[in-house]
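Here's the structure we're looking at; comments come further down.
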Amino acid sequence: MKSYAPYVKNTAITFEYEVPSEEEFKKRIEYILEKYPYLVAENKGEIVGYAYASSFHSRAAYQWGAETSIYVKENQRNLGVGKSLYQELERILKLQNILNLNACIAYPETEDEHLTKNSVQFHQHLGYELVGEFHKCGYKFNRWYNMVWMEKHIGDHLENPMPIIPFCEIKKGAV
């Protein structure tokens with residue numbers, strides 16, 4: 001995906017060193033769509049952002065949590081694209097009976113040309129709360145970066161939670 005390449009090449013927002021091939025990106029999307037939504041925002045036929053959810057952890061007890069990710073084209077930031085994507089993602093995840101949203105975010109001790117604190121601020125604006133920080137765990141551009149975990153609860157934590165509904169079932173209109 002062309003909109004992801006600048007994040008890999010120029011930022012520490014992602015800790016990938018190499019831009020994935022189109023084929024690899026397609027495989028990632030297909031894998032995610034087996035269970036979770038993958039949303040794309042377009043403007044006049046151009047992809048300007050995307051957001052998706054993935055498994056927070058593979059063990060069964062974690063199935064009511066999902067990790068969220070978002071990328072918005074640099075020239076489309078602060079225009080509401082990210083907020084719209086995350087609002088729709090959250091709406092779908094609620095239909096799937098997901099209760100916890102988790103975001104793993106690269107975080108600088110000191111902002112620099114490769115990483116700011118904007119992503120944490122964006123998530124806070126949407127109701128996520130900081131729950132933990134790992135120090136100097138990602139190395140890119142000859143420097144160490146931290147990672148933070150943020151969470152947002154979007155449903156009630158009942159004694160007997162509703163079963164998770166795969167996105168493909170939601171998409172088919174089975175719910």
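The values are calculated or read from the model by the stated rules, or taken from the named source; none is laboratory data. If you're wondering where the values come from, they're calculated on a predicted model, not measured in any experiment. Here Cβ is always computed from backbone atoms with ideal geometry, including for glycine, and neighbour counts include all displayed protein chains.
Does residue 164 qualify as being of a type outside the set (Phe, Trp, Tyr), at pLDDT 95 or above, under 17 Å from residue 51 (Cα atoms) and in a loop (DSSP other than H, G, I, E, B)? Give the steps one after another, and end with the answer.
Numbers: of a type outside the set (Phe, Trp, Tyr): yes; at pLDDT 95 or above: yes; under 17 Å from residue 51 (Cα atoms): no; in a loop (DSSP other than H, G, I, E, B): yes.
Judged against the criteria, residue 164 is not a match.
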Scanning region 1-33 for residues that are closer than 20 Å to residue 74 by Cβ and among the hydroxyl-bearing types (Ser, Thr, Tyr) gives 3, 4, 7, 11, 14, 17
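Given the structure, is residue 171 farther than 20 Å from residue 6 by Cβ, basic (Lys, Arg), over 18 Å from the mean Cα position of the chain (by Cα) and not in a strand (DSSP E or B)?
In short, yes.
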When (1) of a type outside the set (Asp, Glu); (2) loosely packed, with under 15 Cβ neighbours inside 10 Å; (3) assigned to a strand (DSSP E or B) are applied to residue 6, the one that fails is (3)
- Message: Within region 155-163, does at least one residue satisfy the condition of being of a type outside the set (Ser, Thr, Tyr), surrounded by 14 or more Cβ atoms within 10 Å (Cβ to Cβ) and in contact with an Asp or Glu (Cβ under 6 Å, 6 or more places away or on another chain)?
- Response: no
### Task
Check whether at least one residue in region 107-115 is touching a Phe, Trp or Tyr at 6+ places or on another chain (Cβ under 8 Å) and of a type in the set (Val, Ile, Thr), and report yes or no.
no
Just one listed residue, out of 44, 94, is modelled with pLDDT of 95 or more and among the basic types (Lys, Arg), and it is 94
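What do you reckon, is residue 35 more than 25 Å from residue 118 (Cα to Cα) and touching a Pro at 6+ places or on another chain (Cβ under 6 Å)? Walk me through how you get there before you give the answer.
Working: more than 25 Å from residue 118 (Cα to Cα): yes; touching a Pro at 6+ places or on another chain (Cβ under 6 Å): yes.
Against the criterion (more than 25 Å from residue 118 (Cα to Cα) and touching a Pro at 6+ places or on another chain (Cβ under 6 Å)), residue 35 qualifies.
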Expected output for region 110-129 (first residue touching a residue at least 60 places away in the same chain (Cβ under 8 Å), partner assigned to a helix (DSSP H, G or I), Cβ below 9 Å, 6+ apart or cross-chain) is 114/10
